[in-house]
Amino acid sequence: MAHTGINITGSSDEYIYNNAIVDIKNNMSGGVAFSTTFGVHGIRFAGGSGSLIYHNTVNLSGTLFGSAGSSILTSAFSITSNSIGGCLIRNNIFSNNLTGGSSQIAHVSMYLPSGGNSSNDLLINNNAYYSGSSSAFQGIAQVGVIAGTGFYTAGNFDPMQTTPSTNFRSYTNTLNSAGTNDNASFATTSPAPFILADGFHITTGSNTKLESGAAGMLNRDIDEDVRPGPLGSTYGGATAPDIGADEFDGIPVTTMNLQVFIPGQGCPEDITVEFRDNITPNINLFYTVPQTVSLTVNGTAIVNTSGIPNGEEGYIVVKHRNSLETWSRLVTLLQI
């Protein structure tokens, strides 16, 4: 059977908030199954509707016990059936860095059943999806119980878009008629800034989207600290509640809008993006070759920053065939 932190099997209108669920594992010896009935699930809904799940932190980490089973599905949060509807899932940290298994494996932040639509009436937003970096079996979501399909990774997540089909938001956005699911969530393979690897408190001074990234729903956290806060915050946050069970004093992430004037026909355009060194920016292109990426009509582009050390300072340079090159001011690149 499944090893769970919180397991809801039938009752409706549950309020699940300010919980910390950490360090859950099971013994995979002898094989289990690629199923929500088995494996490890931090918060598992197997019945009921109309529940509110907000400001929880689920942190699954480490290697499952025993010898490697052939099939395993684990999730920080799961809804097992499309009959479970009308739920609000907001302001949560869903972190799953578990390892284990041998062939049919998925260790994910969230599990959802396949075949859902707007009648599910699920409101999913302002969540932090943390996963491991092994994209073959560590991801932010598994949809359905057919191994090898319905698997979504952090690298393909874009809260600004509902396409392509590899973007987890392309599915969650269909589960509510408002069309806004996950437009304020984020996903990353960088570790969550927990003080302890198997803990839930967040390190003071962390520069992270968790800081002030939640929608206002509670005025206290798991430790009875004030939200937004905590009192005495000194790092410039506390403008809105923090994501997760712990309200902490962190540095809010500032979004840089680099404005480039490009004559065009209202269609996507290719641009070249470079990362320049902060000491000799005119001659030294560091860590990566120039990237040609597609700039969408709404002004967004996805650029790969892998290989650039966390905290590196430099300049972002954008080039286009119909435009002078545009430079950012000096920025610090952070993996969040």
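Which one is modelled with the lowest pLDDT among residues in the stretch 17-34 that are in contact with a strand residue (DSSP E or B) (Cβ under 9 Å, 6 or more places away or on another chain) and more than 26 Å from Asn127 (Cβ to Cβ)?
Within the stretch 17-34, the subset in contact with a strand residue (DSSP E or B) (Cβ under 9 Å, 6 or more places away or on another chain) is 17-29, 31-34.
Then drop every residue that is not more than 26 Å from Asn127 (Cβ to Cβ), which leaves 27-29, 31-33.
Numbers: Asn27: 82, Met28: 80, Ser29: 70, Gly31: 61, Val32: 66, Ala33: 79.
Once the filter is applied, the top-ranked residue is Gly31.
Does Ser114 satisfy the criteria of being farther than 25 Å from Thr255 by Cα, among the small types (Gly, Ala, Ser), touching a strand residue (DSSP E or B) at 6+ places or on another chain (Cβ under 6 Å) and assigned to a loop (DSSP other than H, G, I, E, B)? Spell out how you get there, then give the answer.
Values: farther than 25 Å from Thr255 by Cα: yes; among the small types (Gly, Ala, Ser): yes; touching a strand residue (DSSP E or B) at 6+ places or on another chain (Cβ under 6 Å): yes; assigned to a loop (DSSP other than H, G, I, E, B): yes.
It is true that Ser114 is farther than 25 Å from Thr255 by Cα, among the small types (Gly, Ala, Ser), touching a strand residue (DSSP E or B) at 6+ places or on another chain (Cβ under 6 Å) and assigned to a loop (DSSP other than H, G, I, E, B).
Restricting the first residue to the stretch 204-222 and requiring it to be surrounded by fewer than 16 Cβ atoms within 10 Å (Cβ to Cβ), which pairs with a second residue that is part of a loop (DSSP other than H, G, I, E, B) and modelled with pLDDT under 95 meet a Cβ separation below 6 Å and a spacing of at least six or different chains?
Correct list of pairs: Gly205/Tyr235.
Within the stretch 71-80, is there a residue that is in the same structural domain as Phe38 (by TED's automatic domain parsing), among the hydrophobic types (A, V, I, L, M, F, W, C) and farther than 28 Å from Thr174 by Cα? Let's see the steps before the verdict.
Start the filter on the stretch 71-80 by keeping residues that are in the same structural domain as Phe38 (by TED's automatic domain parsing), which leaves 71-80.
Going one step further and asking which of them are among the hydrophobic types (A, V, I, L, M, F, W, C), we end up with 72-73, 76-77, 79.
Checking which are farther than 28 Å from Thr174 by Cα leaves us with none.
Among the residues of the stretch 71-80, not one is in the same structural domain as Phe38 (by TED's automatic domain parsing), among the hydrophobic types (A, V, I, L, M, F, W, C) and farther than 28 Å from Thr174 by Cα, which makes the answer no.
Of all residues in the stretch 146-173, which are of a type in the set (A, V, I, L, M) and either under 19 Å from Leu123 (Cβ atoms) or surrounded by fewer than 16 Cβ atoms within 10 Å (Cβ to Cβ) (or both)?
Looking only at the stretch 146-173, we keep the residues that are of a type in the set (A, V, I, L, M), and these are 146-147, 154, 160.
Of everything in the stretch 146-173, those that are of a type in the set (A, V, I, L, M) and either under 19 Å from Leu123 (Cβ atoms) or surrounded by fewer than 16 Cβ atoms within 10 Å (Cβ to Cβ) (or both) turn out to be Ile146, Met160.
Pick out the one residue from Ala178, Ala141 that is surrounded by 22 or more Cβ atoms within 10 Å (Cβ to Cβ) and aliphatic (A, V, I, L, M). Quick ask: steps written out before the conclusion?
Details: Ala178 fails: surrounded by 22 or more Cβ atoms within 10 Å (Cβ to Cβ).
The match here is Ala141.
Out of contact with any Phe, Trp or Tyr (no Cβ under 7 Å at 6 or more places or on another chain), over 21 Å from Tyr129 (Cα atoms) and assigned to a loop (DSSP other than H, G, I, E, B): is that true of Pro309 in this structure? Talk me through it step by step, then tell me what you get.
Numbers: out of contact with any Phe, Trp or Tyr (no Cβ under 7 Å at 6 or more places or on another chain): yes; over 21 Å from Tyr129 (Cα atoms): yes; assigned to a loop (DSSP other than H, G, I, E, B): yes.
When the stated conditions are applied, Pro309 passes them.
Which residue pairs have Cβ atoms closer than 9 Å, lie 6 or more positions apart in sequence or on different chains, and pair a first residue in the stretch 153-165 that is under 22 Å from Ser95 (Cα atoms) with a second residue that is of a type in the set (Asp, Glu) and at pLDDT 95 or above?
Phe157/Asp182; Pro159/Asp182
Residues that are surrounded by fewer than 18 Cβ atoms within 10 Å (Cβ to Cβ), modelled with pLDDT under 95 and either of a type in the set (A, V, I, L, M, F, W, C) or over 17 Å from the mean Cα position of the chain (by Cα) (or both): does the stretch 111-132 have at least one?
No, the conditions are met nowhere in the stretch 111-132.
Taking the options Gly236, Gly229, Gly250, name whichever one is surrounded by fewer than 17 Cβ atoms within 10 Å (Cβ to Cβ) and free of Cβ contacts under 8 Å to residues at least 60 places away in the same chain.
Values: Gly229 fails: surrounded by fewer than 17 Cβ atoms within 10 Å (Cβ to Cβ); Gly250 fails: surrounded by fewer than 17 Cβ atoms within 10 Å (Cβ to Cβ).
Just a single option satisfies the conditions, and that option is Gly236.
Do any residues in the stretch 305-317 that are modelled with pLDDT of 85 or more have Cβ atoms under 7 Å from those of residues that are charged (D, E, K, R), where the two are at least six apart or on different chains, and which pairs are they?
Between residues of the stretch 305-317 that are modelled with pLDDT of 85 or more and residues that are charged (D, E, K, R), the close pairs are Gly314/Arg276; Gly314/Asp277; Tyr315/Arg276; Val317/Glu274; Val317/Arg276; Val317/Glu325.
Quick check on Ala184: is it within 19 Å of Asn127 (Cβ to Cβ), in contact (Cβ under 8 Å) with a residue 40 or more places away in the chain and in the same structural domain as Val22 (by TED's automatic domain parsing)? Working first, answer last.
Working: within 19 Å of Asn127 (Cβ to Cβ): yes; in contact (Cβ under 8 Å) with a residue 40 or more places away in the chain: yes; in the same structural domain as Val22 (by TED's automatic domain parsing): yes.
When the stated conditions are applied, Ala184 passes them.
The values are calculated or read from the model by the stated rules, or taken from the named source; none is laboratory data. On a predicted model such as this, the values are computed, not experimentally measured, just so you know. Virtual Cβ from ideal backbone geometry, glycine too; neighbours counted across all protein chains shown.
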